[in-house]
Structure formats: C-alpha cells, structure tokens
Ligand code: PMP
C-alpha cells in the first residue's frame, strides 16, 4: 500500500512545475554578483547603492513617524499611495512638468521603481506586442517584458570615439536615428527610456528625446520613462522629462525612486506619475499584487518631499547638494581610473561609471569559445583575486548582443571617500605589480 502511494507521488512530481513565462529568464546577474561581492570583496563598487547615510532629515522623519502619536501609521494605508505622499508628489511634479496633477489619479506609489516597472509591463504589454529597449539597459526590462508576453526589440547606443585622445563621455554614446526609426512598427506598443541611463550615465539631450517623442507620436507608441536618477546630473547639464515634450504626456509613464532620490535604497519606495488613462491600468496590477508599500516609509518620504518642496532650487536642498557631492566623487574616481590606465567613460549623470579594462586584460586569461562574455569573467576574477567588486557591462545587453562590448566594467561611485580611496589603492597596487613583473 505504502509502496503504491510513494510511486504515485513520484509520478506526479515529474510534471514541470514552473509556468512557461519563466522559461529562459531564471538566471539573474544580481543574484550571482551580489553573492560574489559578499563572499570575496574588500571594496564593493558593484551594486548601485550608497554606503554613506541617508540624510538626517529623512531619518528623523522616519523616527517621528515611528514613535509619534499617530499609531495608525503602523496600519494599512490607501492602496495606490499614502495620501500625504501622493499629494506632495503631485505638487512637486506640477512644478517640474508645468501642468496640473490630481494626486489620486496621476500619481501612484509603488514598492520601489522596480515594482513600478513591473506594473507598467503587466498593465500595458500584451502577448505579441513589441517593446523597444535601448542598449545598454537596466537588466530587468527584458525579463519583465517577456513575463508580460511581449517581445523585446533592442536598439543600441553606439560609441563614437572622441577626437584628440580625450576621455570618452557618456554623451559620445548615441542612437542612430535611422536605426531607431527602423525598430518602430505597428507591433510596437512601447519604448523604455532610461535617462539618466544606468549603466553609462548618459543624459539624453533635447534633440535625442525629440526624436524618440516624434516616433512615439507617429506610431502611437507608449513611453515608459525610467527617471530614477533624475536629480543626479552633473556639469550643469539638465535632465529633460520626455513627458514635457509635445504630444508625450498622454503616452508617458514617469517612474521615480525614493531609494535613489534620498539615498535610501532599502526603503523601496517608488512612484509613477502619468495620465489617468494609463495609470488606471497600473492600479489594477498594483491592487492585485502588492496592494501597497509600507505606510511608515511612505510617511517619511512624504516629509522628505515636503522639505524639498520648501527648499526647491535652494543650495540647502538635498536634490541640489547630493549631485554636487557625487560630482566630486565621480571626478575623483575618473582621475584614479585614468591614472592606472583603466580609461573611464565620463558619465553625465547617475552614480555609475563605465571603464575600459583593456590594459588589465593580460592578467586575466581568456577562454576561447566560452559562452561567458570576457568582461564577466574579468569582473569575477577581479573580485576573487583583488577584492574589488564591479559589474560587467555585458550584463546590460541582450543575449544576442552580449559579446559586442566585453571590454568594460561598471563601477558605482555613491560611496564614502574611504571606500573610493580603498578601490583606488587596489588598482594602483595592481598596476605596479604589472609594471614590475
Ligand atoms: N531603474 C533603474 C534604472 C535602476 O538603476 C534601478 C535600481 N538599480 C531601479 C529602476 C530600481 O529602483 P528601486 O530600488 O527604487 O526599485
């Protein structure tokens, strides 16, 4: 009798358990590289998060929310966003976009920008729809499009080598207008735009955004605009919101993140801003998946925004101070990488920097005909042997294009001075060993 039951149980377990939509998307670069960094790194410039504290005013706001008189902050709040947060976000974005916004229908709070992206793809992309993704891209766009049943269509930013032996800038990576136009068809449902761009740090110019906007309008295509690094732009550059271009508001969802904005990635508070005709469908996904994000974190972020609204454009504003500090860190890392010959591509925005590893390749043996892109092997070797963690650029390319750019790694410079100095020491020592051997 027992024998029989055992057999029938085994038979049942031979059936595939995973849904078809998970096929081919089970590998994740972050799971692998975060584990490697945790195991081997002495200095971690890999994953994008600050190792300096979130600003005092934000931590104090959380403390007040936690221990103040309003014990209801420990309970559920409104599903689509804690009222004080959607209200202040609407006020803030009215200023940025120059249009009236309804906090209840034009704003939704999500569990980080990650869940905002997930809501967009689930709500707007159907089986058979194509979604244009600009390479290199924040890696989750591809599996999220596929999980929704859509087909990602990739178009690359192409590097134009700078003249006069100058360092390359992220602005030297550009779309080919004809190539971009060729990707739009009647199957195209949406394009994902990420400006400032992770990993390159590219801040799209008005001209580039105009071109994308024109194509979106012409082909009636939606724009999922990931603007989580909106405040991190340098050298007096301006972040332009594509939603403010003609014909774009009605077809754009803007995505933001308190994690990036207030240097508190662990809070996982994000938002979407856009027209009700799009957001109503995102709300359906949101209410049937996570319902809402932690009330107390939303309350504290609301207070952070109230402060920033009051100080808007003033030198004390965190959104003014943070990029100033990060620009110094960027310049410092640029110099130290250039000093050892790991040529950096100077980012115009974000807290990432991509550098050329070519001069260090001789230390890391290539494996001919390997499936793994060279930069990935290099980054693994570097963390294991030198204790320095970074992310290979190929992680930000689709499978078909992973082997096009295998000489670059991405560093995160949202780090304390001591961390950046320690990274620089490792590289300098490495270079000395190379020259003396
Ligand atoms: N979009 C981009 C471009 C990002 O770099 C990140 C975080 N690395 C996210 C979205 C996700 O943001 P969050 O942590 O708020 O979920």
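The values are calculated or read from the model by the stated rules, or taken from the named source; none is laboratory data. Given the structure is predicted, the values throughout are model-derived calculations rather than measurements. Because the Cβ atoms are built from the backbone with ideal geometry, glycine has one as well, and the counts that use them run over all protein chains shown.
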### Message
Being more than 16 Å from the ligand (Cβ to nearest atom), farther than 24 Å from residue 284 by Cα and out of contact with any strand residue (DSSP E or B) (no Cβ under 8 Å at 6 or more places or on another chain) is the filter here; which residues of the stretch 113-172 pass it?
### Response
161, 163, 164, 165, 166, 171
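Considering only residues that are in a helix (DSSP H, G or I) and loosely packed, with under 15 Cβ neighbours inside 10 Å, look in the stretch 298-313 and name the one that is nearest to the chain's Cα centre (by Cα).
309
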### Query
When you look at residue 203, is it within 17 Å of residue 117 (Cα to Cα) and part of a loop (DSSP other than H, G, I, E, B), yes or no?
no
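Would a scan of the stretch 107-119 turn up a residue that is modelled with pLDDT of 95 or more and in a loop (DSSP other than H, G, I, E, B)?
The answer is no, given that none of the residues of the stretch 107-119 is modelled with pLDDT of 95 or more and in a loop (DSSP other than H, G, I, E, B).
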### Task
Report, ordered by the first and then the second residue, all pairs with beta carbons closer than 7 Å, sequence separation of six or more or different chains, a first member in the stretch 240-269 that is surrounded by 24 or more Cβ atoms within 10 Å (Cβ to Cβ), and a second member that is modelled with pLDDT under 95 and in a helix (DSSP H, G or I).
none
### Query
Is there a residue being surrounded by fewer than 22 Cβ atoms within 10 Å (Cβ to Cβ) and at positive phi anywhere in the stretch 427-436?
no
### Task
Output the number of residues of the stretch 286-297 satisfying the condition of being under 11 Å from residue 80 (Cβ atoms), at pLDDT 95 or above and surrounded by 18 or more Cβ atoms within 10 Å (Cβ to Cβ).
1
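If you check 73, 36, which single one turns out to be farther than 23 Å from residue 108 by Cα, more than 16 Å from the ligand (Cβ to nearest atom) and either part of a helix (DSSP H, G or I) or out of contact with any helix residue (DSSP H, G or I) (no Cβ under 9 Å at 6 or more places or on another chain) (or both)?
Working: 73 fails: farther than 23 Å from residue 108 by Cα.
Matching residue, one of 73, 36: 36.
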### Task
Sort out which residues of the stretch 236-265 are outside any helix (DSSP H, G or I), near the ligand (Cβ under 10 Å from one of its atoms) and within 18 Å of residue 56 (Cβ to Cβ), and write them in order of number.
264
### Message
Any residue at all in the stretch 273-294 that's assigned to a helix (DSSP H, G or I), more than 27 Å from residue 223 (Cα to Cα) and within 15 Å of the ligand (Cβ to nearest atom)?
### Response
no
### Residue within the stretch 223-234 that is within 14 Å of the ligand (Cβ to nearest atom), at positive phi, modelled with pLDDT of 95 or more and not in a helix (DSSP H, G or I) present
no
### Task
Output the number of the condition that residue 49 fails; it satisfies all remaining conditions of (1) surrounded by fewer than 18 Cβ atoms within 10 Å (Cβ to Cβ); (2) closer than 14 Å to residue 292 by Cα; (3) within 16 Å of the ligand (Cβ to nearest atom).
(2)
### Summary
Of (1) more than 28 Å from residue 300 (Cβ to Cβ); (2) in the same structural domain as residue 380 (by the TED database), residue 16 satisfies every one except (2)
